[in-house]
Amino acid sequence: MTSIREKGYHHWEGQFLDNPRTFWPISRTGIKLAFGRKHFKLGYTFSFLPAMIYAVIIYISERLEDFKFIAQGGDKLLQVNPDFFKSYLTLDLLYFAILILMSIGGAGLLADDFRHKAVQLYFARPLTKADYLLGKAGVIIFFTGTLTLVPAVLLYILKLLFAGSFAFFLDYPWLILSILACSLLIVLFFTAFILLASSLSNNRNYVISIIFGVYFFSEILRGISFAIFRSPLSALFSISANLKQVAAGFFQVKPPYNYPWYLSFLLVSLFCFLAYLIVKHKVRGVEVIK
Amino acid sequence: MTAIIEARNLSRWYGNVLGISEINLEINPGITALLGPNGAGKSTFMKILTGQLKANIGEARIFGEKVWNNRRIFSRLGFCPEDDAFYEDLSGLEFLSGLLSLYGFSQAESRQKASQALDLVELADVADRQVRSYSRGMRQRIKIAQAIAHDPEVLILDEPLSGLDPLSKRRIIKLIKEFKNAGKTIVISSHILPEVEALTSEIVLIHQGKIIARGDIYFIRDLIDTHPHMIRIKSAQYRQLATTMAGEDYLLKMAFEPEDQAVVFETHDRDRFFNRLNELLLSSPLAIDEITSPDDNLQAVFDYLVGK
């Protein structure tokens, strides 16, 4: 149908670069953008305050003789044992700090891409959906990991260093695994939670409302349910209660609620799985590569 | 030679709404323009070519390889979307470097290639400014920069000239032509026809999800020769010219435009008309200021083909 005309073709001189870490530039950009947000650096720095207080407690616990004036009546508080690490990883203040930070630096991870239609830029490049989601998850993993896993492991090392012996390690040889498992579960939960919230709206302000609304509403629901049924299972409605219950199971300490910890573990795992399916579906909703 | 881009029986629906239907197309190096009104199916076709949409029926191939789920292909392809798609808080250089990292380039390489691309689109002086502070033209240019930064062989540009001021348009047109001269394959979509005329004569007309014509604009014009050609001649002696031409049997209609001192002829045989006009000009003291073909443009061709 067309007329014949001359056309030249120059062979491409580029090269295919096989990059197994395609997700990393996405995470790196997300982390950089988060640090660039107003008040984020300040908030992030203050979020390490609990870890620093716990470090001081470890120091004092090893120097009880020197700190008798403080330690009076507070022996139990100064005991460094599995419960000590569990209490750090289940601090309400820590969860609140994570929520604040992630509402500043994580709420827009998917929402902003949807709003700016940036997803098409990613998927017109040699990138899979898994790379994309892993890249976005990497931002949350980085921040929650540096606030949970990293300080908890450092506290453990600090305890060994201050003790000057392996007695603590020999008393609780499984403790480091508990720290790793519990931290990873918390990181996984918050990653699923924030990404799910971020995928539900194109507006980051709505996403922030969803994050705080769901978190605190779950607490309210637990209170209402307990007031009506007087059942410890009411704790299953609460996000923080479930995380505390699972942590108790991991650290082999008495659970705060009178029901098997694995129920909460199953619930948290189910939530993470459902969140993954929803996020995957939402990203697919903007027509991308499988 | 195998075509760079091949579409075989491509069809895509959005529920009950037809996106494109049975598109068969081969695209070779050079600039090919997809033309059609909004909703014609241009963007759907481009989304299939860039792997963002899967065709319900048929397949798209680039360099002989299937596009869908073939991430290798995307290293050789650059896509400029119609919508703004930016991280507003990043500088132009950071935005481009970040996207280049997705190809597997190191940070240093990414920054170098990003700088080169920004230089090409004449944004080097604002490379460190946040994208949010960019004007409409700058945003359009950085969108093109992200498409060309990795030096792709195939460029898919969705409405790259929309919303640009004349100066920016000229810059982008120049840039696209440079890519054409470098032997690349460029597919460009537009519904603003004069812009496309400035870029290429190789056009594909899409309407209601189907290709209604393709080829050289003048070739298409010849295909629809049943419709008379319009020739507008501006001359101080336009009435004398009309009188002389009136007797020609291939002339169908004449209309005067006294305010412009012009006469518009309609003929079904353009060649004979121009031969006769040449004779007249040589044999008489007629002075002609301007000869134009008002319907010899893409809008006219498009209107004829869709039966407007």
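For the reader, a short list of remarks on this structure follows.
- Condition met for residue B:42 (crowded, with 16+ Cβ neighbours inside 10 Å, touching a Gly at 6+ places or on another chain (Cβ under 6 Å) and closer than 14 Å to residue B:156 by Cα): yes
- Leading residue by the ranking (nearest to the chain's Cα centre (by Cα)) among those in region B:95-111 that are closer than 26 Å to residue B:163 by Cβ and at the interface with chain A (Cβ under 8 Å from one of its Cβ atoms): B:99
Results for (1) in contact with an Asp or Glu (Cβ under 8 Å, 6 or more places away or on another chain); (2) under 30 Å from residue A:125 (Cβ atoms); (3) within 12 Å of chain A (Cβ to nearest Cβ), shown as yes or no for each residue.
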site	(1), (2), (3)
B:171	yes, yes, no
B:180	no, yes, yes
B:185	yes, yes, yes
B:200	no, yes, yes
B:206	no, yes, no
B:211	no, yes, yes
B:236	yes, no, no
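- Given (1) under 19 Å from the mean Cα position of the chain (by Cα); (2) more than 10 Å from every other protein chain (Cβ to nearest Cβ); (3) closer than 30 Å to residue A:115 by Cβ, index of the condition residue B:49 fails: (2)
- For region B:188-200, filtered to residues that are in contact with a helix residue (DSSP H, G or I) (Cβ under 7 Å, 6 or more places away or on another chain) and within 14 Å of residue B:300 (Cα to Cα), the residue that is most open to solvent (accessible area, probe 1.4 Å) is B:197.
- Residues in region A:197-247 that are of a type in the set (S, T, N, Q), over 19 Å from residue A:110 (Cα atoms) and out of contact with any Asp or Glu (no Cβ under 8 Å at 6 or more places or on another chain): A:218, A:225, A:231, A:234, A:242, A:245.
- Residue check for residue B:180: of a type in the set (Lys, Arg) and in contact with a Leu (Cβ under 6 Å, 6 or more places away or on another chain): no
- For the residues B:110, B:97, B:101, the requirement of being open to solvent by less than 10 Å² (accessible area, probe 1.4 Å) and under 22 Å from residue A:109 (Cα atoms) singles out B:101.
- Residue match in region A:270-283 (condition: touching a residue at least 60 places away in the same chain (Cβ under 8 Å), under 25 Å from residue A:152 (Cα atoms) and out of contact with any Gly (no Cβ under 9 Å at 6 or more places or on another chain)): yes
- Qualifying residue in region B:115-124 (condition: surrounded by fewer than 22 Cβ atoms within 10 Å (Cβ to Cβ) and over 29 Å from the mean Cα position of the chain (by Cα)): no
- Whichever residue in region B:270-289 is in a helix (DSSP H, G or I) and acidic (Asp, Glu) and, among such residues, is nearest to the chain's Cα centre (by Cα): B:271
- Checked against (1) in contact with a strand residue (DSSP E or B) (Cβ under 6 Å, 6 or more places away or on another chain); (2) closer than 20 Å to residue A:56 by Cβ, residue A:94 passes all but a single condition, namely (1).
- Single residue of A:271, A:265, A:250, A:226 found to be surrounded by 19 or more Cβ atoms within 10 Å (Cβ to Cβ) and either within 14 Å of another protein chain (Cβ to nearest Cβ) or touching a helix residue (DSSP H, G or I) at 6+ places or on another chain (Cβ under 8 Å) (or both): A:250
- Among the residues of region B:53-84, those identified as facing chain A (nearest Cβ under 7 Å), surrounded by fewer than 22 Cβ atoms within 10 Å (Cβ to Cβ) and either among the charged types (D, E, K, R) or closer than 17 Å to residue B:143 by Cβ (or both) are B:71, B:72, B:76, B:83, B:84.
- Once region B:152-169 is narrowed to residues that are within 13 Å of another protein chain (Cβ to nearest Cβ) and not hydrophobic (A, V, I, L, M, F, W, C), the residue that is surrounded by the fewest Cβ atoms within 10 Å (Cβ to Cβ) is B:152.
- From the list B:63, B:86, the lone residue that is modelled with pLDDT of 85 or more, in contact with a helix residue (DSSP H, G or I) (Cβ under 8 Å, 6 or more places away or on another chain) and aromatic (Phe, Trp, Tyr) is B:63.
- Pairing residues of region A:18-44 that are within 11 Å of another protein chain (Cβ to nearest Cβ) with residues that are modelled with pLDDT of 90 or more and assigned to a loop (DSSP other than H, G, I, E, B), at Cβ distances under 9 Å and at least 6 apart in sequence or on separate chains, gives A:30/A:106; A:34/A:106.
- Verdict on residue A:195 being open to solvent by 20 Å² or more (accessible area, probe 1.4 Å) and either part of a helix (DSSP H, G or I) or farther than 27 Å from residue A:61 by Cα (or both): no
- For region B:286-299, a residue qualifies if it is modelled with pLDDT of 70 or more and buried (at least 17 other Cβ atoms within 10 Å of the Cβ), and exactly one does: B:286.
- If the condition is being within 11 Å of chain B (Cβ to nearest Cβ), part of a helix (DSSP H, G or I) and open to solvent by less than 10 Å² (accessible area, probe 1.4 Å), then region A:123-140 contributes A:123, A:132, A:135.
- Every pair of residues 6+ apart whose Cβ atoms lie under 7 Å, when the first sits in region B:252-264 and is over 11 Å from residue B:233 (Cα atoms) and charged (D, E, K, R) while the second is at pLDDT below 95 and open to solvent by less than 50 Å² (accessible area, probe 1.4 Å): B:253/B:266
- Among strands (runs of 3 or more DSSP E) entirely within region B:1-116, having at least 2 residues that are among the acidic types (Asp, Glu) singles out B:17-27.
- Annotation for region B:132-150: no member residue is open to solvent by 20 Å² or more (accessible area, probe 1.4 Å) and touching a strand residue (DSSP E or B) at 6+ places or on another chain (Cβ under 9 Å).
- Pairs where the first residue, in region A:94-113, is free of Cβ contacts under 8 Å to residues at least 40 places away in the same chain and the second is assigned to a helix (DSSP H, G or I), C-beta under 8 Å, 6+ apart: A:113/A:119; A:113/A:122
The values are calculated or read from the model by the stated rules, or taken from the named source; none is laboratory data. The model shown is predicted, which means the values in this text are computed figures rather than measured ones. No Cβ is skipped: glycine too gets one built from the backbone with ideal geometry, and neighbour counts run over all protein chains shown. SASA here: full protein model, heavy atoms, side chains in, ligands and nucleic acids out. Shrake-Rupley method; radii C 1.70, N 1.55, O 1.52, S 1.80 Å.
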